[in-house]
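Everything on this sheet refers to the single structure shown next.
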Amino acid sequence: MDDTFSKVKALMVQEFELPADSVTPTTELTALGVDSLAALEFVFDLEDAFGVTMGTETDLRGGTVQDVVAAVDAALAAQSRLSAAA
């Protein structure tokens, strides 16, 4: 299982008080009870947990858990490119 997914899943289970088996890559955030405000707040949790800055265009509303993982992976890749250029 992907490390990013595992960490995102653990954060979601903790932050949204979900049973671990309910969080799969294809699970829609709305099915987990994550509304738009919670999704926005979760972006800040992700930034803290992964040590990244996610762009203001990051919009997790209506997406799936895999969309969250992809957004984190993109932020990690962008950070890596910036670090390599410095």
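The values are calculated or read from the model by the stated rules, or taken from the named source; none is laboratory data. All values derive from a computational prediction rather than experimental measurement. As a convention, Cβ positions derive from the backbone with ideal geometry for all residues, glycine included, and neighbour counts pool all protein chains shown.
Being at pLDDT below 95 and surrounded by 16 or more Cβ atoms within 10 Å (Cβ to Cβ), is that true of even one residue in region 77-84?
Pass one, region 77-84, residues at pLDDT below 95: 77-84.
Right, trim to surrounded by 16 or more Cβ atoms within 10 Å (Cβ to Cβ) and you get none.
For region 77-84, residues at pLDDT below 95 and surrounded by 16 or more Cβ atoms within 10 Å (Cβ to Cβ): absent.
Quick test for you: out of 24, 30, 53, pick the one residue that is among the hydroxyl-bearing types (Ser, Thr, Tyr), under 13 Å from the mean Cα position of the chain (by Cα) and at pLDDT below 95.
On the way: 24 fails: at pLDDT below 95; 30 fails: under 13 Å from the mean Cα position of the chain (by Cα).
Only one candidate qualifies: 53.
Search region 11-32 for residues that are closer than 16 Å to residue 62 by Cβ and small (Gly, Ala, Ser) and pair each with any residue that is modelled with pLDDT under 95 and part of a helix (DSSP H, G or I) when their beta-carbon atoms are under 7 Å apart and the residues are at least 6 apart or on different chains.
Matching pairs, first to second residue: none at all.
Could you run through region 36-66 and say how many residues are under 23 Å from residue 80 (Cβ atoms) and among the aliphatic types (A, V, I, L, M)?
Residues that pass the stated criteria total 7.
Restricting to region 50-69, count the residues that are surrounded by 15 or more Cβ atoms within 10 Å (Cβ to Cβ) and either assigned to a helix (DSSP H, G or I) or polar (S, T, N, Q) (or both).
8
When you look at residue 30, is it of a type in the set (Ser, Thr, Tyr) and part of a helix (DSSP H, G or I), yes or no? Working first, answer last.
On the way: of a type in the set (Ser, Thr, Tyr): yes; part of a helix (DSSP H, G or I): yes.
Answer is yes for this residue.
Identify the single condition in (1) surrounded by fewer than 16 Cβ atoms within 10 Å (Cβ to Cβ); (2) under 11 Å from the mean Cα position of the chain (by Cα); (3) modelled with pLDDT under 90; (4) not in a loop (DSSP other than H, G, I, E, B) that residue 39 does not satisfy, given that it satisfies every other one.
(1)
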